[in-house]
Each structure stands twice: as C-alpha cells, then as structure tokens.
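J.: Pasting a structure below so you can have a look.
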Amino acid sequence: MPLPLINDYKAAIANAKGRFATLDVRPHLDARRSPVFLAGNFAGVFRMVTGEGEHLAVKCFTREVSDLPRRYAAVAKFCQTGRCPYVVPLRYHAAEVFVTSSVAPHADYAVVTMPWVEGRGLGATVQILCQRENAPALAGLTRAWSRLCLDLLQRGVAHGDLKHDNVLVGQDGALKLIDYDSMYLPDLKGLPSTMLGGVNFQHPRREVRHFHAAIDHFSMLVILLSLRALTFQSELMKRHHNGENLILTKSDFTQPDSSNLLRQWAASPDFHVRNWTSHLIKSAKAPSIGIPGMETILKSAAKIDATPALPPKKGLFSFFS
C-alpha cells in the first residue's frame, strides 16, 4: 500500500488537533511557523510538544517497511528493557495519525515516538573538533565510539545503518544512536534487512540478505579509523568531508588499492591507523561482510590517547602479528 508523502504528513502535523488517536501533541514550530522536522529515505521525524510540555520525536513513514509492527515491537522491547545506554526508549503506535493524501488512502497511519534527544550529530561534532585541532577530544571521541560498538557486539545486536548523522553527541559527550528502522535483534532473526545503510559507511558487498549481528562491523571500523586518522590529521576533514561521509567514501571501499587515503594511512606513524587500515582493506576485498577480531580491535581502541601508538611488544596480542 502506498504511504503519504512527507508534505502530506507536514500538513496533518501543522493541524494536529484531532488528528491523533491517542497522543496529545502539537507541533514545535520554527521561525516561519512551520513544523520542525527532519526528512529521511523512509520517514520524516517531527518535533512535537506534549500537553505536559515534553518534547517528542514523532516518526511518520513515507515508504513501506516490511514487517514494521514486528520489527518495532522487538526494537521497543529492547530499548525499554535492554538497559543499553546508547538507545532511546520508543513506542510504536499503529493507526495513530489521520492523513489525507493525493497518493495514498485517507487513513490513520502508524507512527513511532521517542523523547526528543538534544545533541549535535557526530559529523558536526568532528568538524568542530577538527577546526579547533583538538586532538585529545578526538581521541576521547574515538574511545567513546569504541565503547558504544563493544556494547552492541557484546549484546549480539546491530544498528544496521551506522553513520555520522545517526549518532548524536550530547553536551556531556555521551553518544546516542537514533533511527532504528534497520536494527537487528535476535528476535528478528530470519528477516531481511530493510535497507543497506549509507554507502560511504557500508561494506561494498552488503545485500538485503545480510541481517545478523555482524552487519555493523564494517561501518564501526570506517568510523573508528576515520576518527583515529583525524586525531593526527585534522585537515583531512576539510578536504574530504562532503556532508554524506566523514572522510572515506564508497570508492575507497570498492577500489581500496587506488585509495589515496588508505595508501597514506598504511604508512602512518601510528600503529592503530596502520593496523585498522589493513583490516579495512582486507574486509573490503573479502566476500564476507563480517570482520574477524572486530571485538579485539575495539578493545584496543578503548585505551588510545592522542599520541601515536607503537606496535605491541613481540609475543603479546598475537591477533596483531
């Protein structure tokens, strides 16, 4: 069944009174008195205010997601009971908002709600730190990213679309993941992926059939390596960031032997940059999208600082030899 366009939802949200089946909400308006929202590939997220004055994110779907109620029931259960500090509790509301549309039936449509999370996107945060040449803060962000990734791996879950604008950095430095449409959970085993994620962060051979706990490995490493490289070469952000990536792009993964960045990093004075670059190149060429030893890589990243690292002493950490 076709779903309404984002402008259809915008019109409904602008006149929210009487539109919602169970929610008591009104739109948060910008300076032009229009509803504040963010548009994505599958949905639009509107900033709403409850009758008690709390701010909510209300997600309205513009493209059909297979098994949506089942997926979001599992995600809601995990977010509410999993005690994961990196996700935000959410609720799935079936047939919640009434929308009139020229492309879809006039009907009540499902929404997902969660608290509106204040924070700056990872990409914007990195850009500011690079402009300030703040290597210690970039190293701290790298450690925080490694801890987030380790938490997901150890739970056997995957976000499915890790990229710079699906990670928020709070004023206290805490990281939060948003956008759970493609999240893998053990309860959803056997389903296909809903999407393949941002191409500048994903394994070049990722397909819809890949839906398991290892689908985040490649994007975890892309972000980890980018943060580490920027710690020592903050100017790379200005040269290579295009708004859709951090600094690497799809072409670096599809043609790793021709990548100037990867060639440069393979000779980095920092052991971690060299080592993680080697793993990224091997993974990009491999038929499997999982990365052997990913947990070990992340554990080493959790201890880094802003100085170039030396190789481990011979006989230790055989994984790296």
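The values are calculated or read from the model by the stated rules, or taken from the named source; none is laboratory data. If you're wondering where the values come from, they're calculated on a predicted model, not measured in any experiment. Don't worry about glycine lacking a Cβ; one is built from the backbone with ideal geometry, like all the others, and counts go over all protein chains shown. The area values use the complete protein model at the heavy-atom level, side chains included, leaving out ligands, DNA and RNA. Shrake-Rupley method; radii C 1.70, N 1.55, O 1.52, S 1.80 Å.
J.: Given the residues Ala110, Ala144, Ala139, which is the only one that is over 15 Å from the mean Cα position of the chain (by Cα), closer than 11 Å to Leu227 by Cβ and either modelled with pLDDT of 95 or more or crowded, with 16+ Cβ neighbours inside 10 Å (or both)?
T.: Step by step, each of Ala110, Ala144, Ala139 is checked, and only Ala139 is over 15 Å from the mean Cα position of the chain (by Cα), closer than 11 Å to Leu227 by Cβ and either modelled with pLDDT of 95 or more or crowded, with 16+ Cβ neighbours inside 10 Å (or both).
J.: Yes or no: the stretch 37-57 includes at least one residue that is in contact with a helix residue (DSSP H, G or I) (Cβ under 7 Å, 6 or more places away or on another chain), within 30 Å of Gly173 (Cβ to Cβ) and open to solvent by less than 10 Å² (accessible area, probe 1.4 Å).
T.: yes
J.: Give the stretch 84-109 a look and list any residue that's assigned to a strand (DSSP E or B) and closer than 30 Å to Leu148 by Cα, or say none.
T.: Arg91, Tyr92, His93
J.: Further, regarding this structure: If only one of Gly173, Gly190 is assigned to a loop (DSSP other than H, G, I, E, B), open to solvent by 30 Å² or more (accessible area, probe 1.4 Å), over 24 Å from Ser259 (Cβ atoms) and in contact with a helix residue (DSSP H, G or I) (Cβ under 8 Å, 6 or more places away or on another chain), which one is it?
T.: Step by step, each of Gly173, Gly190 is checked, and only Gly173 is assigned to a loop (DSSP other than H, G, I, E, B), open to solvent by 30 Å² or more (accessible area, probe 1.4 Å), over 24 Å from Ser259 (Cβ atoms) and in contact with a helix residue (DSSP H, G or I) (Cβ under 8 Å, 6 or more places away or on another chain).
J.: Taking the condition over 20 Å from Ala43 (Cα atoms), among the small types (Gly, Ala, Ser) and touching a strand residue (DSSP E or B) at 6+ places or on another chain (Cβ under 9 Å), does Gly123 pass?
T.: Yes, satisfied.
J.: Residues to consider are Leu29, Leu90; find the one that is of a type in the set (A, V, I, L, M, F, W, C), within 28 Å of Leu175 (Cα to Cα) and open to solvent by 40 Å² or more (accessible area, probe 1.4 Å).
T.: Criteria check complete, one pass: Leu29.
J.: Follow-up. Hey, can you tell me all the residues within the stretch 234-253 that are crowded, with 17+ Cβ neighbours inside 10 Å, of a type outside the set (Ser, Thr, Tyr) and in a loop (DSSP other than H, G, I, E, B)?
T.: Once the filter is applied, which keeps residues that are crowded, with 17+ Cβ neighbours inside 10 Å, of a type outside the set (Ser, Thr, Tyr) and in a loop (DSSP other than H, G, I, E, B), the stretch 234-253 yields His241, Asn245, Leu246, Ile247, Leu248.
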